[in-house]
Amino acid sequence: MSSMKKYIAECIGTFTLVFIGCGTAMLVGCDAANGGGYVLTAFAFGLAIVTLAYGVGNISGGHVNPAVSLGVFLTGGMDAKEFCGYVVSQIIGAIVGSAALAGIFALGDVEDKTGGLGSNGLAGVGDSIVAGLIVEIILTFLFVLLILGVTSKKNNHGSFGGLIIGLTLVGIHIIGIGLTGTSVNPARSLGPAIIAAIGGNADPIKVVWVFIVAPLIGGALAAFCHKYFEKEK
């Protein structure tokens, strides 16, 4: 499979994740008083991953997440050039997905109940940067470790791998939405933050670094942990 096809697949995949996941959050809201919004948004992100796993997984692996790509890179699943290509493609997909949502909601005069295109924030942890970093590191670590384990050649989950990963992301969103909005994905956070800033809302972009740094740390820790578990005696 050519690298360009993989990059296009990652771009389309990340676009889809942001469009479905963040779009659902924008429609239903994710405030504490609206528990249904939590569940719908969690399942929107999880089901999007299931769809992508079977739709583009055979082309690019369906990472749609720089933290996942970092984990794969650190475990020897791709080289540095391909890793960079994946990350750039994912960020472009997230930005275009967020721009599409902004345009649709503006043209249709639809209320964005998140106030920031489904972007992440620290309000749920009292605006504590440290707490936000800890939450995102832990959640990303668990998510990427699961992905590396499920996709390992030593495991045989057959055609259920994508479903397992998607359902895991649902659970991660259910606990994480009320804390940070759940990122575990730098591209998913950067896209909405950039488009929100262009639209005049600079709040998400001010803290977006948290949702870039923490998931990358979590992904790296997961890779090292996975390599330790997989190491032959």
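Output the helices (runs of 4 or more DSSP H) that fall wholly within region 19-98 and possess 3 or more residues being modelled with pLDDT under 95 and not hydrophobic (A, V, I, L, M, F, W, C), or say none. Reasoning before the result, please.
Numbers: elements: 35-55, 57-60, 66-74.
The qualifying helices (runs of 4 or more DSSP H) are 35-55, 57-60.
Within region 194-223, residues that are closer than 23 Å to residue 75 by Cβ have Cβ atoms under 6 Å from residues that are modelled with pLDDT of 95 or more and among the acidic types (Asp, Glu) in these pairs: 214/136; 215/136, counting only partners at least 6 apart in sequence or on another chain. Annotation: of all residues in region 115-142 being among the hydroxyl-bearing types (Ser, Thr, Tyr) and under 20 Å from the mean Cα position of the chain (by Cα), the one that is surrounded by the fewest Cβ atoms within 10 Å (Cβ to Cβ) is 119. Report yes if some residue within region 106-114 is at pLDDT below 95 and either in contact with a His (Cβ under 6 Å, 6 or more places away or on another chain) or surrounded by 24 or more Cβ atoms within 10 Å (Cβ to Cβ) (or both); otherwise report no. The answer is yes; a qualifying residue exists. The condition of being crowded, with 23+ Cβ neighbours inside 10 Å, hydrophobic (A, V, I, L, M, F, W, C) and part of a helix (DSSP H, G or I) holds for only one of 145, 167, 190, that being 190. Looking only at region 112-138, which residues are without any contact (Cβ under 8 Å) to a residue 12 or more places away in the chain and either closer than 29 Å to residue 56 by Cβ or not in a helix (DSSP H, G or I) (or both)? Listed by number, the residues that qualify are 126, 127, 128. Restricting region 203-216 to residues that are in contact with a helix residue (DSSP H, G or I) (Cβ under 8 Å, 6 or more places away or on another chain) and more than 17 Å from residue 141 (Cβ to Cβ) leaves a set whose member that is surrounded by the fewest Cβ atoms within 10 Å (Cβ to Cβ) is 203.
The values are calculated or read from the model by the stated rules, or taken from the named source; none is laboratory data. Owing to the predicted nature of the structure, the values given are computational and were not obtained by experimental measurement. We place every Cβ from the backbone using ideal geometry, glycine too, and count neighbours over all the protein chains shown.
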